[in-house]
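Asks: There's a structure below that I have some questions on.
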Amino acid sequence: MRHLNSGAKLGRQPAHRRATLRNLVTNVIEKERITTTIRRAKATRPLVERMITLGKRDSLHTRRQAAAFLMTPLATKKLFEDIAPRFADRAGGYTRIIHVGFRIGDGAQLAILELLGSKLKKKEKKEKKKPDAESEETAEKREAKAKA
């Protein structure tokens, strides 16, 4: 029985588990939305909320604490300048977990972990370019082969 043993082990050794969670938290702060397994999302959520609470206090000490946990300086800057002011009036519950189905390869349950108020950015579709010069040359070659 796992009495009083809180936290998911995520199938990793403690140092690897900490590194995984730090990477997930950094990605949530940088991108505001990530897709991962439900187990990882549930383990990451309290850490993201703790970082946002640190960002709301905004002192030198909290900046150093956040910088020590987050993996990139860009994430630290975004946390204190963009994300924390957005949640200044909110007393908690900064994230949302949305169940999205099962992963194709191994059937793991997937979830989206996102910050509240994050807007979905649609990917721009790339237009297919028709190479004009090459298509004319290949068409001429085909015609020459057909005549021969």
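Asks: Based on what the data block shows, is Thr53 touching a residue at least 40 places away in the same chain (Cβ under 8 Å) and on the phi < 0 side of the Ramachandran plot?
Replies: no
Asks: Which residue out of Thr76, Thr95 is within 14 Å of the chain's Cα centre (by Cα), on the phi < 0 side of the Ramachandran plot and at pLDDT 85 or above?
Replies: None of the other options fit; the residue is Thr95.
Asks: Scan Leu74, Leu79, Leu54, Leu47 and give me the residue that is open to solvent by 80 Å² or more (accessible area, probe 1.4 Å) and in a helix (DSSP H, G or I).
Replies: Unique residue meeting the criteria: Leu74.
Asks: With respect to Arg64, determine if the residue is open to solvent by 70 Å² or more (accessible area, probe 1.4 Å) and part of a helix (DSSP H, G or I).
Replies: So Arg64 passes the test.
Asks: Step by step: first the residues of segment 107-136, then only those that are over 30 Å from Ile34 (Cα atoms) and open to solvent by 100 Å² or more (accessible area, probe 1.4 Å), then the one that is modelled with the highest pLDDT. Which residue is that?
Replies: Per the criteria, the residue is Lys129.
Asks: Could you list, in sequence order, the residues of segment 41-52 that are of a type outside the set (Gly, Ala, Ser) and in contact with a Gly (Cβ under 8 Å, 6 or more places away or on another chain)?
Replies: Glu49
Asks: Let me ask something else. In this structure, is Ile97 of a type outside the set (Gly, Ala, Ser) and open to solvent by less than 50 Å² (accessible area, probe 1.4 Å)?
Replies: So Ile97 fits the description; yes.
Asks: Identify the residue in segment 1-38 that is of a type in the set (Lys, Arg) and without any contact (Cβ under 8 Å) to a residue 40 or more places away in the chain and, among all such residues, is nearest to Lys77 (Cα to Cα).
Replies: Lys31
Asks: Would you call Ile29 over 17 Å from Phe69 (Cα atoms) and either open to solvent by less than 70 Å² (accessible area, probe 1.4 Å) or at pLDDT below 95 (or both)?
Replies: It is false that Ile29 is over 17 Å from Phe69 (Cα atoms) and either open to solvent by less than 70 Å² (accessible area, probe 1.4 Å) or at pLDDT below 95 (or both).
The values are calculated or read from the model by the stated rules, or taken from the named source; none is laboratory data. Model, not experiment: these values are computed from the prediction. All Cβ positions, even for glycine, are placed from backbone atoms using ideal geometry, and neighbour counts span all protein chains on display. We work out accessible area using only protein heavy atoms, side chains counted, and drop any ligands, DNA or RNA first. Shrake-Rupley method; radii C 1.70, N 1.55, O 1.52, S 1.80 Å.
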